[in-house]
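We did not get these values from a lab; they are worked out from the coordinates using the rules stated. The model shown is predicted, which means the values in this text are computed figures rather than measured ones. Virtual Cβ from ideal backbone geometry, glycine too; neighbours counted across all protein chains shown.
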């Protein structure tokens, strides 16, 4: 880029406004280039890639749930390579400590004064893209080490606060099959994640292409098509994008309808939910809808954009009760019912 993100935004404000069509075209083209590079190493999974990039453009973090071997690590690594972002992978295990994530003060000897002093050594959280692999394998004490970084984009160690570089994106993974030796994420931690994405098995044709592509000596390289300043600018464009009060009202309406005691709650919600989504759900649905509209080449989001992102935002924010378990009612079925029975505001 010829100018930094800050200079670009300041120039737009000084010139009396933002050239919306130019910025939108830039984001749309950049998104297409980025997705093309990811597809060099990832076969299929269009919906997963779209959801992950939509979350990243909106400045959020996402948690991906799927069985092992579905290229979750490769996917997020390809995103980092295509933008030359710093990338760190943290393998969460039961013996992992918070300092293994944030970093710690280490005693070092000064070569000149020969005196020993404490020096802060950064942990793997200091990267643009962080893969928290099998995040539910570590106790809540260690899981909590991510919270400040995800929310405030900073890390506090021994009373000192360190800012994280932008963009900052956390992608956490969970294995839904094996539950022994796992620690469920607390609701406060889950609420920090903008999207929960389910990744499923590939189709027969896609699986054939995967096996064919990965069992030869040919290596496929992801080319850099964007840089960190581009992503920071794109996130700023999403924030600046206009959104109507009616779309915001619909996001809030869907969030409130998940709360059993609210007057907007559907009969299924009242019967099968213990707790509903908090205010962050409305914020994330609005931001997600804005990002979805922009990557589709539209300036402002519609009710349909809110519907598309609603499941991604709500599925990890609602807590079913015993009746739901007894009657075999799953979260996905409740969200389907919610979208069908909560109409947009007129």
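Remark: spin-label model distance residue 29-residue 122 equals 3.1 nm, labels positioned 7 Å along the Cα→Cβ axis.
Across the range 48-160, Cα-Cα distances exceeding 20 Å account for 49% of all pairs. Stretching residue 214 away from residue 303 to a fully extended chain increases their span by 28.0 nm, per 0.36 nm per residue minus the current alpha-carbon distance.
Highest GNM mean-square fluctuation, the chain, Cα pairs closer than 10 Å: which of 335, 294, 27? Ranking 335, 294, 27 by mean-square fluctuation puts 335 first.
Taking every Cα-Cα distance in the range 190-279 and sorting them into 5 Å bins starting at zero, the pair-distance distribution P(r) comes out as 2, 9, 9, 10, 13, 12, 11, 12, 10, 7, 3, 1, 0 percent. Take the Cα of residue 246, step 7 Å toward its Cβ, do the same at residue 323, and the gap between the two points is 3.4 nm.
So what does log10 I(q)/I(0) come out to for the range 294-344 at q = 0.25 Å⁻¹, using the Debye formula with one equal point on every Cα and no solvent? Per q value, in the given order, log10 I(q)/I(0) is -0.99.
Antiparallel as a % of all DSSP beta bridges within the chain, to the nearest 5? Percent antiparallel among DSSP bridges in the chain is about 45. Rg of the Cα atoms in the chain, relative to 2.2 N^0.38 Å, amounts to 1.06. The label point for residue 203 and the one for residue 39, both projected 7 Å from the Cα toward the Cβ, are 1.3 nm apart.
For the range 41-172, the antiparallel share of DSSP beta bridges with both residues in that region comes to about 50%.
Dividing the Cα radius of gyration of the range 242-346 by its Kirkwood radius returns 0.99 for Rg/Rh.
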